Amino acid sequence: MSSKSFSGGIHPPASKKITESSSIVKCPAPPAVIIPMQQHIGAPAKPIVAAGDAVRIGDPVSESGGFVSVPSHASVSGTVSAIEARPHPLGGKVLSVVIENDGQEKWRDDIGFDAKYAELSRKEIINRIQAAGLAGMGGATFPTHVKLSPPPDKKIDTLILNGAECEPYLTADHRLMLEEPERIIRGMEILFKVLGAKSGAIGIESNKMDAIKVLRQKIAELNLPFKVYALHVKYPQGAEKQLIKAIINRRVPAGGLPMDIGCVVHNVGTAAAVYDAVAYRRPLVERVVTITGAGIKSPKNLQVPIGTPFSHVFNQCNGLTQDAGKIIMGGPMMGLAQSDIEAPVIKGTSGLLVLTEKQSRRKQELPCISCAHCVDACPMGLLPKMLGQFVKHERFDDAESYHVLDCIECGSCAFVCPANINLVHWIKNGKLRVMQKRKKAN
């Protein structure tokens, strides 16, 4: 069977066998949850509760801080105990609503199946999605309602669901596709309607043939016009621009967005959450998280309430091993190292990876030998070596002219570098400095 792909990319060890056969298990709610006001790209949400307020599961605890923003909701029933700065998995401390769990699991009264959801207008659907607090669940956390509201001059003809899950170790999307295919396809049907798209596709790497088979069967059963594409197993196949190139052979222009070429991409987990929000008025209060790595005693795929401290999640997996050395939210290529296990699971937490001390040791950085491996690996066709050198010597105008802002920070260049140069570190810094310069100029 032929499979679709893109130029560049790498083949890191998949390390998915640890959890790919582990069914999703419900994580017991913790004694208290921490709901950060910043769980998405855009303006932070604003608290609408006060200490002492009683809340039910699904009750809003914050409101959107602007159009590019989403509200958050209580993931347990109980009492708001504090509104204060708490550790955040993206670094530092962020204003958060802390809820003490009463153990009653009381849900908001209006959450339940709406038999007439298919009759909702486009505007009504988008309003439900926004009210449910949906943000991209593949990790980027871009507010879902914004993606569904392109400018009038951007006509969308293609909807793509991302089921590639190319990041090593992570299997949350794989398990969701196997166990909840109808939620995903029904959510895709809603997205398709809202966008007025003419074609719909799901991209899945060909190492997940069981998921490909399940979704194809469900699409046929529901008699829907969607196609499932088997993609070549290569990282970063799940990156938005690479996914589009592989499936419909369109290239997103430099500095552009998928909507510029008539395409919108959503994660399979987001599609499932869209179905919950529209058909059940159910807000985003939990998500599937892969807890994995050699530093965790019992790796699992867990359905975790948003706001659950990492420490509680690890306890459900029998804790960390004695030689655990590094905790990463996400995968080893694009994830973020964590310094506080009391930070909470947020809407973009697809995985918690625990590496051993030996796996976590940094290799000594050596001088660049100009081998161009990084150039061959870059899926964006950039020159990582040059970008790193420009940033290191503070030549930010040169970095900008070499398209530093087009870097997707996938880490392919650093992975293949025989000199162990942390190119992503330099390029991220360069992107920040270029954006600061542009902001100052404007």
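Every number here is computed from the coordinates shown, using simple stated rules; none is lab data. Just so it is clear, the model here is predicted, and its values are computed rather than measured. Every residue, glycine among them, receives a Cβ derived from its backbone with ideal geometry; neighbour counts consider all protein chains shown.
Find the relative contact order for the chain and round it to a whole percent, using C-alpha pairs within less than 8 Å whose residues are 6+ positions apart.
It comes to 19 percent, rounded to a whole number.
So if each residue of separation counts as 0.36 nm, and I subtract the Cα-Cα distance between R122 and L405, what length gain in nm does that give?
Values: separation 283, 0.36 × 283 = 101.88 nm, distance 3.39 nm.
So the chain would gain 98.5 nm between R122 and L405.
Grab the other residues whose beta carbon is less than 12 angstrom from that of G335, score K and R as +1, D and E as -1, and report the net. Provide the component values of the computation, followed by the final result.
Numbers: positive: K326; negative: E167, E409.
So the surrounding residues net to -1.
How do the peptides 158-165, 406-413, 238-245, 222-229 rank, highest first, by the average count of neighbouring beta carbon atoms within 10 Å per residue? List each step's numbers first, then the result.
Working: 158-165: 26.6, 406-413: 22.1, 238-245: 24.1, 222-229: 15.0.
Those peptides, ordered most packed to least, come out 158-165, 238-245, 406-413, 222-229.
About the Cα centre of region 373-441, what is the dipole size in debye to 20, counting +1 per Lys and Arg Cβ and -1 per Asp and Glu Cβ, all else neutral?
Here the size comes out at about 360 debye.
State the antiparallel share, in %, of DSSP beta bridges confined to the chain, rounding to the nearest 5. Intermediate values should be presented prior to the final figure.
Working: 36 of 60 bridges.
In the chain, approximately 60 percent of DSSP beta bridges are antiparallel ones.
Taking every alpha carbon pair in region 250-325, what does the distance histogram look like in 10 angstrom bins from 0, in percent?
Taking all Cα pairs of region 250-325, the binned fractions are 16, 29, 24, 22, 9, 0 percent.
How high is the FRET efficiency between R433 and K154 when r is their beta carbon distance and R₀ equals 30 Å, given to the nearest 0.05? The partial results should precede the final answer.
Working: r = 30 Å, r/R0 = 1.00.
Computed FRET efficiency for R433 and K154: 0.50.
Taking region 1-98 on its own, what percent of its Cα-Cα pair distances exceed 15 Å?
Everything past 15 Å amounts to 70 percent.
Can you put S7, S15, S96 in order of Cβ neighbours within 10 angstrom, beginning with the fewest?
S7, S15, S96
Report, largest value first, the span of the C-alpha coordinates of region 117-280 along each principal axis, in whole Å.
Projected onto the principal axes, the Cα atoms of region 117-280 cover 38, 37, 27 Å.
Based on the Cβ-Cβ distance from S23 to E342, what FRET efficiency comes out when R0 is 30 Å, to the nearest 0.05?
That gives a FRET efficiency of 0.60.
Based solely on its DSSP helices, what 222 nm [θ] is calculated for the chain when runs of n ≥ 4 H residues each add -39,500 (n - 2.57) and the sum is averaged over all residues, nearest 500 deg cm²/dmol?
Numbers: 14 runs with 127 residues, N = 442.
Rounded to the nearest 500, it is -8000 deg cm²/dmol.
Between N420 and D398, what FRET efficiency follows from the Cβ-Cβ distance if R0 is 30 Å, with the result rounded to 0.05?
It comes to 0.80.
I'd like the isolated cysteines in the chain, meaning no second cysteine's beta-carbon lies under 4.7 angstrom from theirs.
Isolated Cys, the chain: C27, C166, C263, C317, C368, C371, C378, C407, C410, C417.
More than 17 angstrom separation, counting every C-alpha pair in region 373-441; what % is that? Intermediate results must be reported in sequence, preceding the final value.
Details: 759 of 2346 pairs.
Percentage above 17 Å: 32.
Among G430, F415, P384, which residue has its Cα positioned farthest towards the positive end of the charge dipole of region 373-441, with +1 placed on the Cβ of Lys and Arg, -1 on the Cβ of Asp and Glu, and the dipole taken about the Cα centre?
Comparing the listed Cα positions along the dipole, G430 ranks first.
Hey, can you list the DSSP H helices of the chain whose Cα span along the axis is 15 Å or longer and whose average Kyte-Doolittle score is at least -0.5?
Values: long enough: 181-195 (21 Å, 0.54); 209-222 (20 Å, 0.25); 268-280 (18 Å, 1.11); 423-441 (27 Å, -0.83).
Span-like helices, by this rule, are 181-195, 209-222, 268-280.
Among G203, F142, G256, pick out the residue whose Cα is farthest towards the positive end of the charge dipole of region 117-280, where Lys and Arg carry +1 and Asp and Glu carry -1 on C-beta, about the Cα centre.
Sorting the options by dipole projection puts first G256.
Using only Cα atoms, locate the centre of region 239-253 and the centre of region 7-50, then give the distance between them in Å, rounded to an integer.
25
In Å and on Cα atoms, what radius of gyration and Dmax does the chain show?
Final numbers for Rg and Dmax: 21.4, 64 Å.
Treat every Asp and Glu Cβ in the chain as -1 and every Lys and Arg Cβ as +1, leave all other atoms uncharged, and give the resulting dipole magnitude about the Cα centre to the nearest 20 debye.
980
So between A220 and K198, what do we pick up on full extension, going 0.36 nm a residue minus the alpha carbon distance?
6.2 nm
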